[in-house]
1. Which percent of the accessible area of chain B is formed by carbon and sulfur heavy atoms (probe 1.4 angstrom)?
2. Can you compute 3J(HN,Hα) from phi for each residue in the stretch B:75-91, using the Karplus curve 6.51 cos²θ - 1.76 cosθ + 1.60 with θ = phi - 60°, rounded to whole Hz and x for Gly and Pro?
3. When Cβ neighbours within 10 Å are restricted to other protein chains, what is their mean count per residue of peptide A:100-109?
4. Order B:ARG77, B:ARG22, B:ARG69 by their accessible area, 1.4 angstrom probe, all chains in place, largest first.
5. With springs connecting C-alpha atoms under 10 Å apart, model chain A as a Gaussian network and identify which of A:PRO85, A:PRO102, A:PRO75 has the largest mean-square fluctuation.
6. Hey, what's chain B come to in accessible area per residue, 1.4 Å probe, Å²?
7. Taking 8 Å as the Cα distance limit and 6 or more residues as the minimum spacing, I'd like the relative contact order of the stretch B:22-83 as a percentage.
8. To the nearest hundred square angstrom, how large is the accessible surface buried between A and B, total for both chains, probe 1.4 angstrom?
Amino acid sequence: DGGITQSPKYLFRKEGQNVTLSCEQNLNHDAMYWYRQDPGQGLRLIYYSQIVNDFQKGDIAEGYSVSREKKESFPLTVTSAQKNPTAFYLCASSIGTARNSPLHFGNGTRLTVT
Amino acid sequence: AQSVTQPDIHITVSEGASLELRCNYSYGATPYLFWYVQSPGQGLQLLLKYFSGDTLVQGIKGFEAEFKRSQSSFNLRKPSVHWSDAAEYFCAVGARYGGSQGNLIFGKGTKLSVKP
């Protein structure tokens with residue numbers, strides 16, 4: 001079955017360390033997204049990518065970086081510059097970036113930084 | 001500015017009772033509207049979408065939603081709630097490409113609890 005795979009499910013890191021979250025899709029979707037979810041705050045967009053080797057900042061890009069070297073993969077790096085990195089991170093994809101393109105989501109990675 | 005408001009943060013209903021979750025949007029043109037559901041610790045799943053045509057749309061799991069342009073609303077309904085419907089529900093509106101919120105703008109969600 002086609003879908004989006006995020007790994008790992010749970011991730012623990014020490015403060016000051018960079019950490020990379022994996023996101024792979026086999027839906028042949030052009031667009032991919034990273035969202036951060038905190039209780040009561042809904043979903044906030046970190047970065048998105050329409051095509052390979054291109055990506056745009058979302059509302060809360062500071063302290064994060066991404067790459068899009070392959071259509072299937074869109075890893076997110078949470079750097080030590082991110083002041084409050086503990087959160088639930090969701091990766092999503094869509095066929096295109098038109099506003100009638102539904103998002104398909106992975107099952108998330110919960111990152112805890114201590 | 002484009003936005004989505006879900007006025008209710010948390011709703012509790014009894015199993016078997018009817019359900020209506022509210023969603024109001026702000027968008028200058030014809031809106032594309034979506035409802036998603038999220039079980040604890042999981043990703044979001046698309047319940048239904050509205051693009052045009054019949055203002056009452058049917059979705060998965062027995063849910064439906066009605067688009068009311070005059071009220072800028074897209075409320076989600078279910079006639080009889082099951083305990084497995086306990087989850088968080090997100091309304092979203094399709095946005096113009098290139099914005100910092102991406103192509104979908106989400107509301108902050110409504111958490112649904114179901115009493116036995």
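1. Answer for chain B: carbon and sulfur cover 48 percent of the accessible area.
2. The phi angles translate into 7, 9, 9, 8, x, 8, 7, 10, 4, 6, 7, 4, 4, 10, 10, 10, 9 Hz.
3. 6
4. From most exposed to least exposed: B:ARG69, B:ARG22, B:ARG77.
5. Looking only at A:PRO85, A:PRO102, A:PRO75, the largest GNM fluctuation is found for A:PRO102.
6. 47
7. Relative contact order, the stretch B:22-83: 31 percent.
8. That pair hides around 2200 Å² of surface in total.
The values are calculated or read from the model by the stated rules, or taken from the named source; none is laboratory data. Remember, it's a predicted structure, so these values are computed and weren't measured experimentally. Because the Cβ atoms are built from the backbone with ideal geometry, glycine has one as well, and the counts that use them run over all protein chains shown. To get the accessible areas, we keep the full protein, side chains included, count just its heavy atoms, and leave off ligands, DNA and RNA. Shrake-Rupley method; radii C 1.70, N 1.55, O 1.52, S 1.80 Å.
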